[in-house]
Amino acid sequence: MSDDVAYNENWASIWEKFNSIRGRAAEADETAAFLERYCRGGSALELGIGDGRVAVPLSERGVRVEGIDNSDSMLNLHAKRTDVIKAWKADMANFTSEQRYNLVYCAYHTLMMLVTREAQISCLRSAAKALHDEGTLVIELPVPAIGDFVGGQKTTTTLVDHENTFVTADIHDPLSQNLVSTLLWFSGTSVRSLPGRARYVYHQELDTMAECVGLKLAERWGDWARGEFTEGSKRHISVYRRADL
Ligand SMILES: C[S@@+](CC[C@H](N)C(=O)[O-])C[C@H]1O[C@@H](n2cnc3c(N)ncnc32)[C@H](O)[C@@H]1O
């Protein structure tokens, strides 16, 4: 098992708790409402579908949603949650789809989990091929917060309550734009360590990568409620369509 896959398998065990702490479970309906309008009553494919946090409410809005994920544990969580949404094991860095979709989307920081520029471009290329001619690609990414790092490192406390402490330690590798991190989860007398790696991308680099695969930026928002993207935004929701339309 590769390091990357091991990371995903570990995360599945704390996924629901972590999402509720981060407010990600609560915003899933808002995310689905945003995405629904690009489906035009048709179909959508989620890259890194996870437990169906977004796919389930999108499907409940009448969209035919499918998804891929490379983690058996996450796919198991997904299968426990719904049998309406088809989800299968595939690497989003290089996938082929017989079907074409109105919408392909990649939520949260999932694209960052591909840790090289080449893998990220390859993912966008696969996504572009999976779209109908007039289809839409939506990508959510955090705005990189590299300015918070001191001496190339950062420690963040996400939660402290009577039962749990979540502390994340990050090291910045500027040459590869990689963040190497470990989440330490202290609970009672136990501590669990969840290592990970991600490659951050600025929004303009994402536009350039999209252009490399024949897509162009159509819209950019600061959140799923269609708030403006500003210099204070912590993330962006970027919407791409085929450049030759
Ligand atoms: C941060 S979670 C997001 C899950 C879901 N998209 C959501 O918004 O709740 C990232 C998901 O992407 C999956 N993933 C990571 N790398 C992947 C890859 N190379 N191919 C397919 N799925 C991947 C993980 O297993 C995990 O389920």
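Before moving on, here are some points about what is shown:
- Hey, V54 within 11 Å of the ligand (Cβ to nearest atom) and closer than 23 Å to A218 by Cα or not: yes
- Filter result for the condition that a residue is among the acidic types (D, E) and either over 19 Å from the mean Cα position of the chain (by Cα) or more than 30 Å from R241 (Cβ to Cβ) (or both), over E211, E205, E219: E211
- Near pairs, Cβ below 9 angstrom, 6+ apart or cross-chain, from the range 97-115 (free of Cβ contacts under 8 Å to residues at least 40 places away in the same chain) to any residue that is within 6 Å of the ligand (Cβ to nearest atom) and among the polar types (S, T, N, Q): none
Conditions (1) surrounded by 21 or more Cβ atoms within 10 Å (Cβ to Cβ); (2) within 25 Å of W11 (Cβ to Cβ), marked per residue:
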| site | (1), (2) |
| --- | --- |
| K86 | no, yes |
| T96 | no, no |
| M112 | yes, yes |
| R125 | no, no |
| E134 | no, no |
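- Residues located in the range 1-27, provided they are modelled with pLDDT of 75 or more, assigned to a helix (DSSP H, G or I) and surrounded by 17 or more Cβ atoms within 10 Å (Cβ to Cβ): W11, A12, W15, F18, N19
- Pairs with Cβ under 6 Å, 6+ apart, first in the range 44-70 and in the same structural domain as L137 (by TED's automatic domain parsing), second acidic (D, E) and within 11 Å of the ligand (Cβ to nearest atom): G48/D69; I49/D69; A55/E46; G67/E46; N70/D91
- Residues satisfying the stated conditions in the range 135-155, i.e. at pLDDT below 95 and out of contact with any His (no Cβ under 7 Å at 6 or more places or on another chain): A145, G147, D148
- Residue match in the range 167-177 (condition: of a type in the set (A, V, I, L, M), in the same structural domain as Q120 (by TED's automatic domain parsing) and touching a Lys or Arg at 6+ places or on another chain (Cβ under 8 Å)): no
- Unmet criterion (only one of (1) surrounded by 18 or more Cβ atoms within 10 Å (Cβ to Cβ); (2) over 19 Å from C123 (Cα atoms); (3) within 13 Å of the ligand (Cβ to nearest atom)) for S73: (1)
- Among the conditions (1) within 22 Å of D223 (Cβ to Cβ); (2) part of a helix (DSSP H, G or I), V65 misses just one, which is (2).
- Qualifying residues in the range 173-225 (those that are of a type in the set (A, V, I, L, M, F, W, C) and part of a loop (DSSP other than H, G, I, E, B)) - the one surrounded by the fewest Cβ atoms within 10 Å (Cβ to Cβ): L175
- D207, sole failed condition from (1) charged (D, E, K, R); (2) touching a residue at least 60 places away in the same chain (Cβ under 8 Å); (3) away from the ligand (no atom under 16 Å from the Cβ); (4) assigned by TED's automatic domain parsing to the domain that holds F229: (2)
- Whenever a residue of the range 24-40 is more than 12 Å from D223 (Cβ to Cβ) and away from the ligand (no atom under 15 Å from the Cβ), its partners that are assigned to a loop (DSSP other than H, G, I, E, B) and not charged (D, E, K, R), lying with C-beta atoms within less than 7 angstrom and at least six residues away or across chains, give the pairs E36/V63; C39/V63.
- Any hit, the range 144-154, residues being more than 11 Å from the ligand (Cβ to nearest atom), within 13 Å of the chain's Cα centre (by Cα) and within 23 Å of K216 (Cβ to Cβ): no
The values are calculated or read from the model by the stated rules, or taken from the named source; none is laboratory data. Quick caveat, the model's predicted, so the values are computed rather than measured. Ideal geometry is used to build each Cβ from the backbone, glycine not excepted, and the neighbour counts take in all protein chains shown.
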